[in-house]
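**Q** Okay, here's the structure, questions in a sec.
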Amino acid sequence: MSLLKIATFNANSVRIRLDQIIKWLGREKPDVLCLQETKVQDQDFPADAFRRSGYHVIFRGQKSHAGVALVSRAEPEAAAFGLDDGGEPDEARLIRARAALEEVRTWGWEDVFRRLHPGEPGQYTFWDYRFPHTVERNVGWRVDHIWATSTLAGKAVRSWIDVEARRAERPSDHTFLAAEFRCPSRLTVPSAG
């Protein structure tokens, strides 16, 4: 039985946080890292740094805001952007209103972190820069999630928030959230979207 490790990170500029991300990948060795707010046009995305670290990367971005990337150990067989098949790709960020999240939950999807840490207060992934010492005072919000079907969520063995990464030099206002799942064998990443 092996473990599948999936993580998410709102980088708030992948180029500014590149060293932090590459070091985190080297230390934690996730199978998949989903990045948000890469804030870089595709032609300027630092893909070579991820490849040198042993990862494949798919990305879509735009200058100064939005942007997403999928960083994975296994090379995805296909990639699609947005929710639609065919036609014009969606913007570099896809927005759905907070009611859509509740609807997803009713379909049987679960917040993996909350499944493993029910009712634990003070578990945050975002601390606002505009206020002093928010990390030290633990005044934040948990706005980053890893959701899974109830079957996959039942295979989760660990989920954690890496608060130390938020204390790094020039950190994002978010930090890494990760989860590990039991799986019968090493999984590949067949597609990304």
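Values quoted throughout were computed directly from the atomic coordinates according to the rules given, and no laboratory measurement underlies them. Model, not experiment: these values are computed from the prediction. In this analysis, Cβ positions are derived from the backbone assuming ideal geometry, glycine residues included, and neighbour counts consider all displayed protein chains.
**Q** Would you calculate the separation in nanometres between label points at residue 64 and residue 142, each defined as 7 Å from the Cα along the Cα-to-beta-carbon direction?
**A** Result for the modelled spin labels: 3.5 nm.
**Q** Once the Cβ-Cβ distance between residue 16 and residue 167 is put in as r, and R0 is 22 Å, what FRET efficiency do you end up with, to the nearest 0.05?
**A** That pair, residue 16 with residue 167, gives E of 0.85.
**Q** Along Cα→Cβ, 7 Å out, is where each label goes; now give me the distance between the ones at residue 106 and residue 2 in nm to one decimal.
**A** 3.9 nm
**Q** Any chance you could run the full-extension gain for residue 53 through residue 23? It's 0.36 nm times the residue separation minus the Cα-Cα distance, nm to one decimal.
**A** 9.9 nm
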